[in-house]
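Take a look at the structure set out below.
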Amino acid sequence: MSKSPVLEVEDLKTHFFTKAGVARAVDGVSFSLARGEVLGLVGESGSGKTVTGFSLMGLVDPPGRVVGGSIRLAGEELVGKSERDWRSLRGRKIAMIFQDPMMTLNPVLRVDTQMIEAIRAHEHVSEEAARERARAALARVGIPSPDERLVAYPHQFSGGMRQRVAIAIALLNEPEVIVADEPTTALDVTIQAQILYEVQKLCAETGLAMIWITHDLAVVGGLADRVAVMYAGRIVEEGPVGEVLDGPLHPYTRGLIGSVPSHNQRGRRLTQIPGMAPSLLALPPGCSFAARCPRADAACTQMPELVSASDRRGVRCHHPHRPDEPAYEGGSA
Amino acid sequence: MSVFILRRLLQSALVMVAMASIVFFGIHMVGDPVYMFVSPDMDQADIEKVTRALGLDRPIWEQFWAFMTSAIQGDLGQSFVFGESALGLIVQRMPATLELAFAALFLAIVFGIPLGLYAGLYPDSKTSKTIMAGSILGFSLPTFWVGIMMIMVFAVVLGWLPSTGRGETVDVFGIELSFLTLDGLQHLALPALNLALLKISLVIRLTRAGTREAMLQDYIKFARAKGLSRSRIVGVHLLKNILIPVVTVLGLEFGSLVAFSVVTETIFAWPGMGKLLIESIQQLDRPVIVAYLMMIVFLFVVINLLVDIVYSLLDPRVRLADRGN
């Protein structure tokens with residue numbers, strides 16, 4: 001894997017200025033993404049992973065706003081760009097796939113209309129040339145008889161096919177990065193497996209980098225190269241996917257992994273993380289996980305920094321676990 | 001599609017028959033038209049002669065049977081007042097009313113959709129709040145009052161526009177049309193705007209609600225994520241979706257435009273069907289009243305059918321559901 005990062009995010013902050021106060025949905029997120037790499041962005045609902053994705057696209061709507069930090073795409077700073085510049089970047093350099101394929105395609109426009117317009121928004125090409133590229137993109141994501149499918153309406157596709165169309169649209173202008181926001185969550189597992197296979201193939205073949213936002217650790221384990229775990233607007237742990245899943249350092253990551261039923265732990269009672277995610281409007285000072293953490297002590301009233309645990313891993317915790325500790329505590333129940 | 005249309009036609013015929021009975025028996029409970037045609041110095045024998053001449057001496061169910069049998073053949077009776085075919089009288093006045101209604105519909109679309117779009121896209125701006133306040137006025141002020149005020153302001157005080165009649169008309173295939181001459185257009189302006197006011201408000205509110213709802217949909221965000229220009233997103237992705245409810249409602253409302261023109265035509269002395277109806281009610285000219293009401297029912301039935309067809313053209317999902325049958 002090449003080491004030149006195509007996307008570097010540093011201390012990104014996206015806050016929502018609501019009547020009830022300022023919600024710090026993303027509060028100091030940093031990561032980088034190399035060409036051809038798939039980064040899994042994991043966290044529970046409300047952890048800020050989707051807002052991170054929208055921030056990368058410049059699609060944060062009021063009352064939300066990117067208030068600080070830096071996003072560099074192939075060396076180009078994106079934070080502070082005008083809407084006009086953003087428009088030209090979106091879909092061309094950085095594209096996005098959404099969670100619900102039933103909702104992302106416009107129901108009253110034919111697929112070819114929706115694909116051709118995506119090309120012609122960025123390039124002056126003839127309609128025939130654009131149509132040919134749209135056809136090729138559909139074929140590339142494994143849609144049979146693309147010529148017929150081009151003139152169909154979205155409701156004539158199944159959910160999985162629609163998500164393939166959405167991926168084909170994201171691929172049309174050969175972007176550097178695709179942000180995929182839980183794109184397989186709404187699909188059944190066999191379709192999910194097919195889509196994951198296609199995506200992996202695409203990244204390997206084209207050097208496309210991808211941010212895969214999900215709460216599904218199994219998907220991350222099978223697809224991503226690296227994983228970043230988000231909690232309350234911050235990344236609490238990151239590293240190569242195998243190392244993180246096998247030897248989580250952060251108590252929250254351990255909690256997440258422990259709450260997933262798994263094949264080799266049959267009969268074991270699932271652990272759960274006590275309490276619930278804190279309100280983003282009133283985050284406690286210090287570590288935001290401290291209130292739910294079995295290891296919390298006085299030190300945790302200070303916000304821990306994201307420190308590197310090895311040359312490839314980072315963790316934001318005063319009392320991290322050792323990587324060789326068994327992932328499951330207690331054993332019997 | 002053809003099965004669908006056939007079924008709808010059958011339903012429509014039933015609606016027409018039901019309406020005919022209601023209208024016919026209803027109107028026979030109101031007053032006795034004979035007394036509109038007799039003078040105080042006539043004796044009983046003369047009155048009976050008039051009654052017989054109008055066919056009012058026969059039992060009501062016999063009258064109804066006679067009415068229905070000729071109605072099926074397209075004859076809705078003779079006007080008591082004019083002695084002409086009632087349907088013919090209405091058809092004669094119809095172009096004027098339809099012209100007025102179409103002009104009002106045109107204004108409703110031309111003003112309503114852009115204003116509603118603006119109010120939906122920028123809900124917090126001052127302009128939007130003004131538009132919405134205006135639409136509440138349009139909804140709540142009575143048509144006749146607004147009409148009189150318009151005459152006061154534009155015809156009496158400012159003297160810009162005429163307030164009565166159709167003005168100069170042009171004959172197109174035997175139909176008189178006002179909007180093709182400047183004079184006719186000036187005559188059309190006030191009544192059309194008066195009639196349109198309610199519909200403009202309706203379209204503004206519908207468009208705004210549709211816009212606000214659609215702007216939150218994923219397909220709009222996805223369109224933005226593709227890097228499309230705002231004009232393309234609003235003009236194609238948004239508009240095509242919100243047009244579905246707007247077309248449905250506007251189509252259905254067209255019937256009520258024709259029906260509501262009664263008030264506007266009376267105020268602006270527009271020589272249409274509505275004015276004829278008011279005059280006929282005053283003179284208890286039963287055949288004309290019945291024929292007018294049947295005409296309006298027929299219009300609603302036809303419009304409903306057309307709206308269903310247009311709707312299926314706009315919304316591909318409706319098209320497929322029908323083909324799948």
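Only the coordinates and a few stated rules stand behind these numbers; no lab work does. A quick note: this is a predicted structure, and the numbers were derived from the prediction, not measured. Note: ideal-geometry Cβ built from the backbone for every residue, glycine included; neighbour counts use all protein chains shown.
Quick notes on this structure:
- Helix-only [θ]222 nm of the protein assembly as shown, DSSP H runs n ≥ 4, -39500 (n - 2.57) each, per residue, nearest 500: -16500 deg cm²/dmol
- Relative contact order for the stretch B:87-267, counting Cα pairs under 8 Å that sit 6 or more residues apart, in percent: 33
- Bins of 5 Å, starting at 0 and running to the largest distance - Cα pair percent for the stretch B:87-267: 1, 8, 14, 17, 16, 14, 11, 8, 5, 3, 1, 0
- DSSP bridge pairs, chain A: antiparallel proportion in percent, nearest 5: 60
- Size estimate for the stretch A:144-295 follows the Kirkwood approach: the inverse of mean 1/r over distinct Cα pairs works out to 18.0 Å.
- Residues with amide H under 5 Å from that of A:Val67, placed H, sequence gap 5 or more: A:Lys13, A:Thr14, A:His15
- Residue pairs exceeding 27 angstrom between C-alpha atoms, taken from A:Lys19/B:Lys126; A:Lys81/B:Lys240; A:Lys81/B:Lys221; A:Lys81/B:Lys226: A:Lys81/B:Lys240.
- Under Karplus coefficients 6.51, -1.76 and 1.60, residue-wise ³J(HN,Hα) of the stretch B:283-300 in Hz, glycine/proline x: 9, 6, 7, 3, x, 5, 4, 4, 4, 4, 5, 4, 4, 5, 4, 4, 4, 4
- Taking amide H as placed 1.01 Å from N in the peptide plane, A:Ile178 has its amide H under 5 Å from the amide H of A:Ala95, A:Ala209, A:Met210, A:Ile211, each at least 5 places away in sequence or on another chain.
- Across chain A, the mean sequence separation of Cα contacts (distance under 8 Å, 6 or more residues apart), normalised by length, yields a relative contact order of 20 percent.
- Most to least packed among B:80-91, A:268-279, B:104-115, A:233-244 [average Cβ atoms within 10 Å]: A:233-244, B:104-115, B:80-91, A:268-279
- Antiparallel bridges, percent of DSSP beta bridges restricted to the protein assembly as shown (to nearest 5): 65
- Positive-end extreme of charge dipole, the stretch B:87-267 - chosen from B:Ile244, B:Ala225, B:Leu202 (charges on Cβ): B:Ala225
- Of the residues B:Pro59, B:Phe24, B:Ile47, the one whose Cα sits farthest towards the positive end of the charge dipole of chain B is B:Phe24 (charges of +1 on Lys and Arg Cβ, -1 on Asp and Glu Cβ, taken about the Cα centre).
- The stretch B:1-28 and the stretch A:193-243: distance between their alpha carbon centers, rounded to Å: 63
- Between A:Ala291 and B:Ala269, the FRET efficiency from the beta-carbon distance, with R0 = 56 Å, is close to 0.10.
- Database remark: amide H of A:Ala34 closer than 5 angstrom to the amide H of A:Val6 (H placed geometrically; neighbours at sequence offset of 5 or more, or on other chains; Pro and chain starts carry no H).
- Derived scalar couplings ³J(HN,Hα) [the stretch A:54-66; Karplus, 6.51 cos²θ - 1.76 cosθ + 1.60; whole Hz; x for Gly, Pro]: 5, 4, 5, 8, x, 10, 7, 8, x, x, x, 7, 6
- Most mobile of B:Ile233, B:Ile148, B:Ile244 in a GNM of chain B (Cα contacts under 10 Å): B:Ile233
- The simple spin-label model puts a point 7 Å past each Cα toward its Cβ; for B:Glu62 and A:Ala152 those points are separated by 6.9 nm.
- Directionally averaged shadow of the protein assembly as shown, computed from the convex hull of its alpha-carbon atoms, nm²: 41.6
- Rounded to the nearest Hz, the phi-derived 3J(HN,Hα) couplings of the stretch B:52-57 under the Karplus curve 6.51 cos²θ - 1.76 cosθ + 1.60 (θ = phi - 60°) are 5, 4, 7, x, 8, 7, where x marks glycine and proline.
- Theoretical FRET efficiency, 1/(1+(r/R0)^6), r = Cβ-Cβ of B:Asp43 and B:Gln73, R0 41 Å, to 0.05: 0.65
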